[in-house]
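The values are calculated or read from the model by the stated rules, or taken from the named source; none is laboratory data. It should be emphasised that the depicted structure is a prediction, and the values quoted were computed from it without experimental measurement. Cβ: placed from backbone, ideal geometry, glycine included. Neighbour counts: every protein chain shown. For the accessible areas, the whole protein counts, side chains as well, though only heavy atoms, and no ligand, DNA or RNA atoms are used. Shrake-Rupley method; radii C 1.70, N 1.55, O 1.52, S 1.80 Å.
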Amino acid sequence: MKFTQPRLPYSVDALSPVISPATIDFHYGKHEKAYIDTLNSLIEGTEYEDMPLEEIIKKSDGKLFNQASQAWNHILYFFQFSPSGKREPIGRLRDKIEEQFGSFEDFKKKFEEAGLTLFGSGWGWLSSDSDGKLFITQGSNADNPLKYGLTPIFVFDVWEHAYYLDYQNRRGEYLSRLWDIVNWETVESKYDGIA
Ligand code: MN
């Protein structure tokens, strides 16, 4: 079964100026497309051909893992944004964030720190275990918390291709601006689906 790249639920200029149309064109239109195309060519005729993407990520390594994980991570990343929507979590997720990290503001600070201090390319995630406990982690390249039994519910991409066209080397500024386009309703629904 071939994976297809889902269409974004917003227009290419909808996240501007936080993420420009040019970045969406390159990042989603070219980088993410290439991960999915390569993934499809690697699984063709193999035991992975009919597996759900999450299973491929858990069971593969090397080149296939890199393509599968990058394909999955970018869908999590791009679909959590929206030109309008809830800009702060409420309910269960909000309560858990405050219980574990002190306040939403403290959480944001720790989350930005995870992205800012990662050396080189990679990701900063908020994940949940099966009991609903939250984890802020960072990982290099195509790393994915699915490998460690956690389910990512929210992510910031800190590969240079995510921000260089709009922010050049200013990764911290990019991270601090992303909060303005997060739709927490999407993140909440992922959390509610886990525990
Ligand atoms: Mn990326």
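Subtracting the Cα-Cα distance of D95 and E173 from 0.36 nm times their residue separation leaves 25.3 nm of extension gain. Over the chain, DSSP H runs of length four or greater, each weighted -39,500 (n - 2.57), average out per residue to a 222 nm ellipticity of -13500 deg cm²/dmol. Using a cut-off of 16 Å between alpha-carbon atoms, which lysines can reach K190, once sequence neighbours fewer than 8 places away in the same chain are excluded? Hits, sequence-local ones excluded: K86, K96, K133.
List the residues of segment 104-143 whose backbone N lies under 15 Å from a point placed 7 Å from the Cα of A195 along the Cα-to-Cβ direction. Answer for this model: 126-137. First compute the accessible area of the chain with a 1.4 Å probe, then give the percent of it belonging to carbon and sulfur atoms. That fraction is 51 percent. Here the Kirkwood formula, the inverse mean of 1/r across different C-alpha pairs, assigns the chain a hydrodynamic radius of 17.1 Å. Shape summary: segment 28-79 maps onto an equivalent ellipsoid whose semi-axes, from the alpha-carbon gyration tensor, are 18, 12, 9 Å in decreasing order. Modelled spin labels at E55 and K147, positioned 7 Å past Cα toward Cβ, are 2.1 nm from each other. Straight-line reach from K63: taking Cα to Cα under 24 Å and skipping same-chain neighbours fewer than 8 places apart, the lysines in range are K2, K30, K33, K147. With both labels modelled 7 Å from their Cα along Cα-to-Cβ, the E44 to F119 distance reads 3.9 nm.
The amide H of K86, built 1.01 Å from its N in the peptide plane, has W184, E185 as neighbours under 5 Å, considering only residues 5 or more places off or on other chains.
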